[in-house]
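Colleague: Shown below is the structure under consideration.
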Amino acid sequence: MTTWLDEELGEVADALDSGPPAFDLLGRLAAEGLTRVGVPAALGGDGGAPSDVAAAVAAVARHSVAAAFVLWSQRSYAELVVQSDNPALRARELPALLEGRWAGGVGLSNAMKFLGGIEPLELAARPDGDRWRVDGVLPWVTNLRGQGFSVAAAVQPVPGGPLPVVALRLDQPGVRRSPDLPLIGLRGCDVAAVRLQGVLVGPEDRLHADLNAWLPQVRPLFLGAQCGMSIGLARASLFAAQKRVGRREALRMRLAEAGMGLEVDVAELLQGLDDGRFGADPAALFRLRLALALHVQEALALELQAWGGQAYLEGQAPGFARRWREAAFIPIITPSVAQLEMQLLKK
Ligand SMILES: Cc1cc2nc3c(=O)[nH]c(=O)nc-3n(C[C@H](O)[C@H](O)[C@H](O)COP(=O)(O)OP(=O)(O)OC[C@H]3O[C@@H](n4cnc5c(N)ncnc54)[C@H](O)[C@@H]3O)c2cc1C
């Protein structure tokens, strides 16, 4: 692990939770080599395995979920570019993404909920010659850096048919970023809405022609890396609790059990990412996402108990209040816990 991760990121974690970074966070993640993890070497990456991506996000989340969330967004968008069937777009965007000069966001919540039968698609694409004219709003997207970003989104062709996934760029006419959303935490993540008004999108902007067909291929890394946030946060919280637990035997035992349970699920996730089983069996990945969300809740509850009332006093339990806010985000990021429980029930 890098010195920056182990010695410096933790120092700025509270600041990253409460406001925009005072430094180039994305550039720093790239300088540490983290944006290149798991990208094929031939494309400028480190050639690592998919599990390395989840492990990298977890290592960052141990210190700051805000920083991990930016890394997850950047790496998930980069993965869509890597796996795109549009080599020209890949050649155009990937180098700047890996170097952290250009940010990538994934605005696929709405599309995933649409495919789960939860809500209608919010972006409409009307034919205009050999192009589409796209209108609508992406109400939440992370990593929308003011200096420049691309965001991946699925659009609903007005005549019907498969849902294309396109890359929309801040510098395209008709793309507008809102001010940062007034979040209770994770404020260093450039989370904003994107409004699209008559944005002309052509074949050069296409990431893939059919989201439904593409999802089994791209979802494992997207979701596996997202699980990295839960892993890092749960580990950080258990570690903080262990430092505080002293001689309380009952709590000690619960902490040991929680740690072992967490690592069993982590091992299963990492192995599944590398052997490719989640493409054909998304339910197994969904169950791990749910289990890891529970590990986060349990870890936070144990950290709270280890500190007792002191945890409720400002500045007494280092990082606890931030982790509590970070943990509140874990169940609601798409695919949300509620959504996955519903989808697993349908099976
Ligand atoms: C800090 C932050 C950053 C985000 N970044 C991104 C991003 O980068 N990209 C992106 O695409 N999105 C992003 N989002 C959006 C996020 O992923 C969710 O889409 C968003 O929180 C709203 O989804 P929801 O399911 O909570 O909302 P709602 O659709 O309002 O649902 C509310 C609750 O009801 C449940 N529910 C809804 N419909 C049903 C149903 N039919 N049956 C049972 N339960 C149901 C939901 O799961 C949820 O628990 C972000 C959100 C936050 C808070």
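Colleague: F23: assigned to a loop (DSSP other than H, G, I, E, B) and among the hydrophobic types (A, V, I, L, M, F, W, C), yes or no? Write out each step before concluding.
Modeller: Numbers: assigned to a loop (DSSP other than H, G, I, E, B): yes; among the hydrophobic types (A, V, I, L, M, F, W, C): yes.
Spelling it out, F23 is indeed assigned to a loop (DSSP other than H, G, I, E, B) and among the hydrophobic types (A, V, I, L, M, F, W, C).
Colleague: I'd like the residue in region 97-137 that is under 23 Å from G45 (Cβ atoms) and more than 8 Å from the ligand (Cβ to nearest atom) and, out of all such residues, is most open to solvent (accessible area, probe 1.4 Å). Walk me through it before giving the result.
Modeller: Taking region 97-137 first, the residues under 23 Å from G45 (Cβ atoms) are 97-106, 108.
Pick out the ones that are also more than 8 Å from the ligand (Cβ to nearest atom) and you get 97-104.
Details: L97: 2, L98: 4, E99: 88, G100: 3, R101: 139, W102: 38, A103: 0, G104: 0 Å².
Applying the filter and picking the extreme gives R101.
Colleague: What pairs can you find where one residue is in region 106-128 and free of Cβ contacts under 8 Å to residues at least 40 places away in the same chain, the other is among the hydrophobic types (A, V, I, L, M, F, W, C) and near the ligand (Cβ under 10 Å from one of its atoms), and their Cβ atoms are less than 8 Å apart, with a gap of 6+ or different chains?
Modeller: Listed pairs, sorted by first residue: E122/L138.
Colleague: Also: Do we find a residue being more than 13 Å from the ligand (Cβ to nearest atom), buried (at least 16 other Cβ atoms within 10 Å of the Cβ), β-branched (V, I, T) and not in a loop (DSSP other than H, G, I, E, B) anywhere in region 195-202?
Modeller: Taking every residue of region 195-202 in turn, at least one turns out to be more than 13 Å from the ligand (Cβ to nearest atom), buried (at least 16 other Cβ atoms within 10 Å of the Cβ), β-branched (V, I, T) and not in a loop (DSSP other than H, G, I, E, B).
Colleague: Cβ contacts < 8 Å: first residue farther than 15 Å from L5 by Cα, restricted to region 15-27; second residue among the charged types (D, E, K, R) and surrounded by fewer than 24 Cβ atoms within 10 Å (Cβ to Cβ), any location; separation 6+ or different chain. Result?
Modeller: Here the result reads D17/R187; D17/R322; D17/R325; S18/R187; G19/R187; P20/D180; P20/R187, each pair linking region 15-27 to a residue that is among the charged types (D, E, K, R) and surrounded by fewer than 24 Cβ atoms within 10 Å (Cβ to Cβ).
Colleague: I want to confirm something. Restricting to region 157-194 and keeping residues that are part of a strand (DSSP E or B) and within 15 Å of the ligand (Cβ to nearest atom), which single residue is most open to solvent (accessible area, probe 1.4 Å)?
Modeller: Quick first cut of region 157-194, residues part of a strand (DSSP E or B) only: 157, 165-169, 175-177, 192-194.
If we keep only those that are within 15 Å of the ligand (Cβ to nearest atom) too, we end up with 165-168, 177, 192-194.
Numbers: V165: 0, V166: 4, A167: 2, L168: 0, R177: 65, A192: 0, A193: 7, V194: 0 Å².
Ranking the qualifying residues of region 157-194, first place goes to R177.
Colleague: Can you tell me how many residues within region 48-82 are surrounded by fewer than 24 Cβ atoms within 10 Å (Cβ to Cβ) and within 12 Å of the ligand (Cβ to nearest atom)?
Modeller: Total satisfying the criteria: 0.
The values are calculated or read from the model by the stated rules, or taken from the named source; none is laboratory data. Note that the structure is predicted; figures quoted are calculated from it, not measured. Neighbour counts run over all protein chains shown; Cβ positions are idealised from the backbone, glycine included. Surface areas here come from the heavy atoms of the whole protein model, side chains and all, with no ligands, DNA or RNA. Shrake-Rupley method; radii C 1.70, N 1.55, O 1.52, S 1.80 Å.
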